[in-house]
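Written out below as structure tokens is the structure these notes cover.
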Amino acid sequence: MKILRYALTGAALLGTLTACGSNSSSTWPISSQLVTTGYIQTIAFRNHTAMGWGNNGYGQLGNGTNANSLIPVPIAGLPKVKDVVTGGTDSLALDNLGGVWSWGNNGYGQLGSGTVTATYQPVKVFSNKTSAHTHLSNVTAVAAGGNHSLALDATGSVWAWGANTWGQLGYNPDPLTPGYNTYAMIVQAAPGSGGFTASAIAAGGVFSLALDVNGSVWAWGNSYGGQLGDGLPTDTTVNIATQVPAQVVGLLNSGIRLLGSVKAIAAGGSHSLALLNDGTVAAWGYDNYGQLGNNAVVSSSAPVKVVIDANNTPLSGVIAIAAGLDHSLALKSDGTLWAWGYNGYGQLGQGTMIDSHLAVQVPGLAAIDRILAIGHHSLAFSGARGWSWGHNAYGQVGVNSTTDVLVPTVIFGFP
């Protein structure tokens with residue numbers, strides 16, 4: 001197992017995750033590795049049609065321009081899609097035939113196009129480095145991190161490409177470009193570990209997660225604050241990074257060595273979430289704003305239960321989870337939405353900007369069936385209707401303004 005140690009502050013870590021705030025005056029897409037802000041755009045879909053809104057400085061809205069949009073605009077040139085995701089300054093789409101498309105910033109090869117050239121319109125992702133590139137195919141899920149991307153194929157293999165500064169690709173990249181890879185390759189578990197067959201994937205700021213079909217969770221990349229769930233002492237001034245996937249340990253004080261009985265995962269800026277079979281939620285990683293939801297502000301490298309009150313009553317009845325940079329969301333089977341963590345832009349939907357160390361219900365929403373957490377904003381959907389709230393400096397909430405939104409508000413013109 002390759003272990004690396006680095007000194008890094010939290011501000012510096014999150015500072016590498018985000019896009020330039022202004023539109024480029026260039027007529028050509030420009031890639032950059034010197035990104036200072038990101039996750040300030042939204043990509044979503046309905047009825048197999050993808051749309052984007054918010055920041056577009058690198059073309060991450062995929063509409064052929066680099067102009068920001070305060071309302072949803074169609075993504076150009078995509079076939080029918082069954083999933084879309086957005087990373088720090090780039091976006092991905094999974095088409096109905098299992099192909100993967102990407103667009104936006106490409107300074108670390110996170111588009112998987114075999115180059116580091118940005119693009120304002122979707123291009124196909126390549127797999128492996130051969131004299132004649134082949135396109136990634138037979139894919140069932142995609143995920144986008146700060147500057148890296150993941151794909152899951154029908155065999156349970158995980159593919160990764162883009163930045164590898166912290167080992168988030170899970171393999172040794174091209175020796176000619178050791179800090180990144182411009183095409184997708186399969187993630188490799190440690191020799192002798194037995195490996196894993198994945199059923200789900202998640203990409204955090206500079207780390208990655210995979211859910212095994214047996215209900216265990218594997219993690220690799222940067223472990224600032226403990227988001228890899230390795231159970232090691234947490235030191236938020238020193239980074240431990242591994243490019244070899246390893247299993248997440250069991251719940252804190254549970255006596256269980258490895259985390260199991262997991263049916264869904266989510267990755268935030270530097271924290272991780274797992275939905276357990278019993279409908280409760282476990283969280284681990286950095287906890288400076290309460291994003292672990294366990295009634296504390298103490299980072300943990302072992303999973304802890306998300307709770308709803310000072311008596312540490314677990315949040316229960318959960319069917320879906322989502323993680324933003326520093327906040328978390330959970331959808332319950334009764335259609336209610338719950339949130340916790342950082343609330344400096346109103347992303348918890350409470351009408352305030354007060355952080356919460358407990359899961360709290362988002363008011364004014366019912367019959368929700370899909371949720372998203374991107375950067376410092378949140379989205380919820382019920383059938384054909386969509387709501388958004390939180391950070392909105394670039395129009396990423398989609399309400400035709402650039403004013404932060406503190407409560408769920410109907411998205412303008414979606415779909």
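The values are calculated or read from the model by the stated rules, or taken from the named source; none is laboratory data. Being a predicted model, the structure only gives us computed values, none of them experimental. Here Cβ is always computed from backbone atoms with ideal geometry, including for glycine, and neighbour counts include all displayed protein chains.
With the condition kept exactly as written, say whether any residue in region 399-408 is surrounded by fewer than 18 Cβ atoms within 10 Å (Cβ to Cβ) and part of a strand (DSSP E or B). Scanning region 399-408, I find at least one residue that is surrounded by fewer than 18 Cβ atoms within 10 Å (Cβ to Cβ) and part of a strand (DSSP E or B), so the answer is yes.
Report yes if Asn294 is assigned to a loop (DSSP other than H, G, I, E, B), of a type outside the set (A, V, I, L, M, F, W, C), surrounded by fewer than 24 Cβ atoms within 10 Å (Cβ to Cβ) and touching a residue at least 40 places away in the same chain (Cβ under 8 Å), otherwise no. Before you say what the answer is, go through the steps one by one.
Values: assigned to a loop (DSSP other than H, G, I, E, B): yes; of a type outside the set (A, V, I, L, M, F, W, C): yes; surrounded by fewer than 24 Cβ atoms within 10 Å (Cβ to Cβ): no; touching a residue at least 40 places away in the same chain (Cβ under 8 Å): yes.
Against the criterion (assigned to a loop (DSSP other than H, G, I, E, B), of a type outside the set (A, V, I, L, M, F, W, C), surrounded by fewer than 24 Cβ atoms within 10 Å (Cβ to Cβ) and touching a residue at least 40 places away in the same chain (Cβ under 8 Å)), Asn294 does not qualify.
The combined condition, being crowded, with 22+ Cβ neighbours inside 10 Å, modelled with pLDDT of 95 or more and in contact with a helix residue (DSSP H, G or I) (Cβ under 9 Å, 6 or more places away or on another chain), is not fulfilled by Leu331.
Checked against the criterion of being surrounded by 17 or more Cβ atoms within 10 Å (Cβ to Cβ), in contact (Cβ under 8 Å) with a residue 60 or more places away in the chain, of a type in the set (Gly, Ala, Ser) and not in a strand (DSSP E or B), region 163-176 has at least one qualifying residue. Residues being among the hydroxyl-bearing types (Ser, Thr, Tyr) and assigned to a strand (DSSP E or B): count how many of those fall in region 338-354. Total meeting the criteria: 0.
Taking first residues from region 332-343 that are under 13 Å from Gly390 (Cα atoms) and partners that are among the acidic types (Asp, Glu) and surrounded by fewer than 24 Cβ atoms within 10 Å (Cβ to Cβ), the Cβ contacts under 8 Å between residues at least 6 apart in sequence or on separate chains come to Gly341/Asp355; Tyr342/Asp355; Asn343/Asp355. Taking the criterion of being of a type in the set (A, V, I, L, M) and surrounded by fewer than 24 Cβ atoms within 10 Å (Cβ to Cβ), the only residue of region 276-291 that qualifies is Leu276. A single member of Ser199, Ser208 is of a type outside the set (A, V, I, L, M, F, W, C), surrounded by 24 or more Cβ atoms within 10 Å (Cβ to Cβ), in contact with a Leu (Cβ under 9 Å, 6 or more places away or on another chain) and not in a loop (DSSP other than H, G, I, E, B), and it is Ser208. Figure legend. Inter-residue proximity from region 181-206: first residues free of Cβ contacts under 8 Å to residues at least 60 places away in the same chain, second residues outside any loop (DSSP other than H, G, I, E, B) and among the β-branched types (Val, Ile, Thr), beta-carbon distance below 8 Å, spacing 6+ or different chains. Indicated pairs: Ile186/Val158; Val187/Val158; Gln188/Val244; Ala189/Val244; Ala198/Val158.
Kindly evaluate Ala302 against the criterion of being buried (at least 24 other Cβ atoms within 10 Å of the Cβ), outside any loop (DSSP other than H, G, I, E, B) and touching a residue at least 40 places away in the same chain (Cβ under 8 Å). Explain how you work it out, then say what you get.
Details: buried (at least 24 other Cβ atoms within 10 Å of the Cβ): no; outside any loop (DSSP other than H, G, I, E, B): yes; touching a residue at least 40 places away in the same chain (Cβ under 8 Å): yes.
When the stated conditions are applied, Ala302 does not pass them.
Applying the criterion of being buried (at least 24 other Cβ atoms within 10 Å of the Cβ) and part of a strand (DSSP E or B) to the residues of region 103-125, the residue that is farthest from the chain's Cα centre (by Cα) is Pro122.
Does Gly390 count as under 29 Å from Thr36 (Cα atoms) and of a type outside the set (A, V, I, L, M)? Judged against the criteria, Gly390 is a match. Of all residues in region 59-100, exactly one satisfies the criterion of being farther than 18 Å from Gly398 by Cα, in contact with a Pro (Cβ under 7 Å, 6 or more places away or on another chain) and surrounded by 23 or more Cβ atoms within 10 Å (Cβ to Cβ), namely Ala93.
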